[in-house]
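Down below is the structure, laid out as C-alpha cells.
The values are calculated or read from the model by the stated rules, or taken from the named source; none is laboratory data. This structure is a prediction, so every number in the text was calculated from the model and none was measured. No Cβ is skipped: glycine too gets one built from the backbone with ideal geometry, and neighbour counts run over all protein chains shown. The area values use the complete protein model at the heavy-atom level, side chains included, leaving out ligands, DNA and RNA. Shrake-Rupley method; radii C 1.70, N 1.55, O 1.52, S 1.80 Å.
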Amino acid sequence: MSLSQIFTPVIPIIIKKILMLAFCCYLSTSLMAQTAPQTLTVKGIAIDSATDKPLGYATVVLLDAKTKQSVKGGLTKDDGSFELKTVVGKPYQLTVVTMGYKNKVVDINGTEADVNIGKVLLTASSNQLKEVSVTAVRPIMKQEVDRISYDVQADPESVALTALDMMRKVPLLAVDGNDNITLKGSGNYKILINGKESALVAKNPSDVLKSMPATNIEKIEVITTPPAKYDAEGLAGIINIITKKNADQGYNANISGRYNSVFGPALNLTANIKQGKFGVSMFTGINHQNEFNSDFGNSQTFFGGQTISQKGVNFNTGDHRYGFAEFSYEIDSLNLLTASLGSFYGNNGQDNNLFSNTYNNDGLIAQQYEQDETGYNNSLGVDASINYQLGFKKKKDQLLTLSYKYSYSPNTQEQNNIYSQRLNYFQSFQPDFNQYNKAGGKEHTIQVDYAEPFKAVTLEAGGKAILRNNFSNFQRSDLDSATSQYNLNPLYTDNFNYQQDVYSLYNSYQVKLDKWTAKAGLRLEHTSINADFSSVNTMVNQSYNNLIPSVSIQRSFKTSSLNFGFTQRIQRPGISQINPFIDTSNPLFISTGNPKLRPELNNTFEFTYSNFAKNSFNAGLSYAFSNNSIQNVTSIKQDTLANKQIDTVTSTTYQNLGSNRTLGLNINTNVSITKALTLNLNGQLSYIWLRGTFDGQFYQNSGLTGNAFGNLGYKFNESYRVGIDAGFFSGNVNLQGKTNAFIYNALVVTKTFLDKKATISLVANCPESKFHNNISTTTTPQFYQSSYNLNPYQTFAVRFSYRIGKLNSEIKKEQHGINNDDTKGGGKSGGNSGG
C-alpha cells in the first residue's frame, strides 16, 4: 500500500478537526476580549440646503483622518438623522454622500465622547455623482433601468471564495451540480468581461471562474434587457463581469492563494500601476488540480428488448494558467488610448475505465466489453484589443470610439481507446482506436460607437463587423490487428470550416427625468454563413437579417423602483453545437453537432420591483418564448457490418425543434438583522413548457424548476467573521427528460490582521457529503436511459490574501468598446469550485 493510500482517508478527518479547533479559538477569542475602550458617538442631521428638508437614506461614513480608511458607516433615517459609534482617541473625518448632491466633509478631533454636529447642509450638484468607493457601506445590489448589479467587493466573503462561488449569490444566477452557470434557469446567455466578449470564457466559463478568486472582481452585472448597443445574442440575457481597476499615482498589489483538499493549490497576483498619463491594471494566476476519481455510468432499457448497463471510473487532473491586463494612456484631456491583453490555458488529463454489459430479455449476457481510455483536453483563449476614444470640447461626455479586437480560442482533444474482455463485440466491428479533434474559432471585430448627451436625453449610435471563422479538424485511426498499425478511418475524418460574418447598426436613446428613466433602441443585424467540409462541396450557405428592438422603463421612488423591459434576442449556435465531429469515446453512446442549425429568436418580457433602503429587496416576474428552439435530442440507430445488424447505438445531437416557453419569478433580499448579523437570500422559480417533433415523433415536456441560495454572516469584531452558505438547485427540464436536484452548503471562517492588509480564511464545502451524484434521464418511445456522474463535493480549503500599496482612484478607460455577445454561452465544465 502506498503512502497516498494510507494518508488520503485521514486528511479530511484531520482538516475537519483543524477547522473545528480554529472555529472554537475564534469564538473563545471573541468571548475573552478585554473591555472595549471608551466610545465616541457622532450625531447629526442631513439637510437639503435649498429646501431645508431632511435627506433620508444618505450614506454617512467615518474615516480615519490619517489613513482615509473607513471606520464606521451607515444610512440616515427618514428624518435625516444619523448616529455612528467608534473609539475615542484619534481624529476622524465624517463624510455625507447622496445622489445629486455634493459630498460634505466634517473634521472631528475624536477626543470627546459625544459629538453632535447638528445640521449637515448638502447642496445640489450639477454633475451626476460617481460611485463612492467606501467598502464598509457600499450597497451590495443596485437596480438600474436594464440590469441588476452585485457589488462583489462589498460582500465580506469575497476574500474567501472563488469567482464561481460568488455567482451563487447574484440575483437571477445559479450554479448546478456540474458547476454550470444558469441565468433564470437557462444556459442560453452570454458572459462578458468588462463589457467585452472574451475568448477566456468562450467554452468553459466555469473552469476560468473556479480558478479565479473573487477578489479580482469589482462587480457582476446581470443585464436582463440588453440595450441596442449589445449584440442581439443571449436568449436569457448577459452576465457582465467587471474586474478591479484601482489606481492613482504609484502602485498597489495583492497576492492571494489557496490550498484545497481535493483541487490542490492556487496562486493569484493583482497589481495596478499609474505613472503620469500611463496606467496598467492586471491580474494573473495559476492552479494545479490534484488527481481525483469519480464514478460514472449509464443504464438503458429498450422497450420490449435488451438492457445496457455501464459502470466506470474517471480519473481527472489538470493545470490552469490565466492572465489579463488593461493599459491606458491619456494623450490629453480629449484623447484616450487603451488596450487589453488576456489569456487562459487549461491542460486537463483524463483516464477512464468502463465496463459494459448488454442483457437479453432472459437476463443472459448478449454482449460485453471493457474499455480503457487515456487522453487529454487542452483549452486556450487569447484576447487582444485596442481602442481610441475622442472627446469634444463643448461636451465632456460627447464621445467617439474606434475599436478593434482579435480573439482566438482553440480546443484540442485526443483519446486512445483499448478494448478487452470482449464477448460478441468483435474486433472487426469495433477495433481499438485513437480519435483527435482540434476545434475553435478566430474572430476579428471592428467597431465604431458615438454617444452624445443632451439635457435629458442621451443618444448612442454605432456600427460593427464581426468576421468569425470556426473550425474543427478531426480524425480517427483504427488498429489493424493483423499489422498492429493504426490506419485512418475516413468515415470519422474531415476538416470543417464555418465562416460567419455579422454586420450590424444600432441606435438607442435614454431619457432621464426626475422620477422616470427610459431606454429604447433598434439594432439591425445581417448574418452571412458559409460552411464546408474538405471532402465534399459546401454544405451550408445561409444569410438572414434581424431587426431587434429593446425597451426598458424605470419609475423611481424615494427608496424603491419599478422596472419594465422587453427585448428580442437571437441565439446563434456556437461551435460546440455545430461541430460535426462524432465523439465515439463511448461507442454505444455517441454525440455530434449539427452544422445545419439555424438561429433561434426569443421574446422576453420583464417586470421588477426593487427596494434598496436599509435592507434591500428585489422581486421580478418574467415571461419568454421562442418558436424555433435549439434542443439537445437523443435517438437510436443501427450500426451494421456487411448488411448484418451488429449493434444498437444511442446518438445525441442538436436540432431546431418546436417551442420553448418559460414563466419565471425571482426574489432577492439582503437583511441586516443586527449590526453584526446579516442575511442574504436569492431564489428563482420557473415553469417551463417544451414542445417539438424529432425523428418523426412528437415530444412535449413541462415542469417546475428553481433554485435558492442563502448566506448567514456574523461578524464577531473588526477582524473575525463566520459565514454559512446553503443552496438548493432543482435540476433542469429538457424536451426528452430531466436532471436531478442537489443541495450545496459551505462554512467560511475569516480573520483579518496587519491593519486589514492580510486575510486568512478556512472554507469547508459540503462537509457532510463526500460526493454528489448528478443524474440525468431521457425517455423516448423506444427506450428509457439514465446516466450518472459521481463528483467529489466534500472539500476543505485554506485561503490567504495580502495587500501592499495604497491607491484610490480609477485608471481611465474608454467608455465604449467591443462587446461580442452574439454566440451561445454557458459551456459545461466538471469539478467543483474548490473553495
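Brief remarks follow.
- The residues of the range 265-281 that are at pLDDT below 90 and under 22 Å from R799 (Cβ atoms), listed by number, are T270, A271, N272.
- When N660, N611, N668 are checked against the criterion of being touching a Phe, Trp or Tyr at 6+ places or on another chain (Cβ under 8 Å), at pLDDT below 90 and crowded, with 20+ Cβ neighbours inside 10 Å, N668 stands alone in meeting it.
Per-residue answers, yes or no, for (1) touching a strand residue (DSSP E or B) at 6+ places or on another chain (Cβ under 7 Å); (2) at pLDDT 90 or above; (3) small (G, A, S):
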site	(1), (2), (3)
G731	yes, no, yes
Q736	yes, yes, no
K757	yes, no, no
C766	yes, no, no
F771	yes, no, no
G805	yes, no, yes
Q815	yes, no, no
T823	yes, no, no
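- Residue within the range 588-600 that is within 23 Å of N546 (Cβ to Cβ), of a type outside the set (S, T, Y), at pLDDT 90 or above and open to solvent by 20 Å² or more (accessible area, probe 1.4 Å) present: no
- Between S560, S556, S550, S585, the distinction of being among the polar types (S, T, N, Q) and open to solvent by 30 Å² or more (accessible area, probe 1.4 Å) belongs to S556 only.
- A single entry from G462, G441 fulfils the requirement of being in contact (Cβ under 8 Å) with a residue 12 or more places away in the chain, touching an Asp or Glu at 6+ places or on another chain (Cβ under 8 Å) and small (G, A, S): G462.
- Selection of first residues in the range 412-437 that are in contact (Cβ under 8 Å) with a residue 24 or more places away in the chain and of second residues that are basic (K, R) and buried (at least 17 other Cβ atoms within 10 Å of the Cβ), restricted to Cβ pairs under 8 Å at least 6 apart or on distinct chains, gives the following pairs, ordered by first then second residue: T412/K438; Q413/K438; F433/R476; N434/R476; Q435/R476; Y436/R476.
- Check on T752, open to solvent by less than 40 Å² (accessible area, probe 1.4 Å), modelled with pLDDT under 90 and in a strand (DSSP E or B): yes
- Hits in the range 654-679 - residues which are assigned to a strand (DSSP E or B) and more than 25 Å from the chain's Cα centre (by Cα): Q655, N656, S659, S672, L677
- Filter result for I308 (over 23 Å from the mean Cα position of the chain (by Cα) and modelled with pLDDT under 90): no
- Applying the criterion of being within 24 Å of S256 (Cα to Cα) and open to solvent by less than 20 Å² (accessible area, probe 1.4 Å) to the residues of the range 281-305, the residue that is farthest from the chain's Cα centre (by Cα) is S281.
- Qualifying residue in the range 591-608 (condition: without any contact (Cβ under 8 Å) to a residue 40 or more places away in the chain and not charged (D, E, K, R)): yes
- Verdict on K85 being within 40 Å of the chain's Cα centre (by Cα), surrounded by fewer than 17 Cβ atoms within 10 Å (Cβ to Cβ), at pLDDT 80 or above and part of a strand (DSSP E or B): yes
- Strands (runs of 3 or more DSSP E) completely within the range 334-453 that count 1 or more residues being open to solvent by 40 Å² or more (accessible area, probe 1.4 Å) and under 21 Å from T650 (Cβ atoms): 335-359, 365-391, 411-423
- Test: residue in the range 710-728 that is under 21 Å from G187 (Cα atoms) and open to solvent by 30 Å² or more (accessible area, probe 1.4 Å): yes
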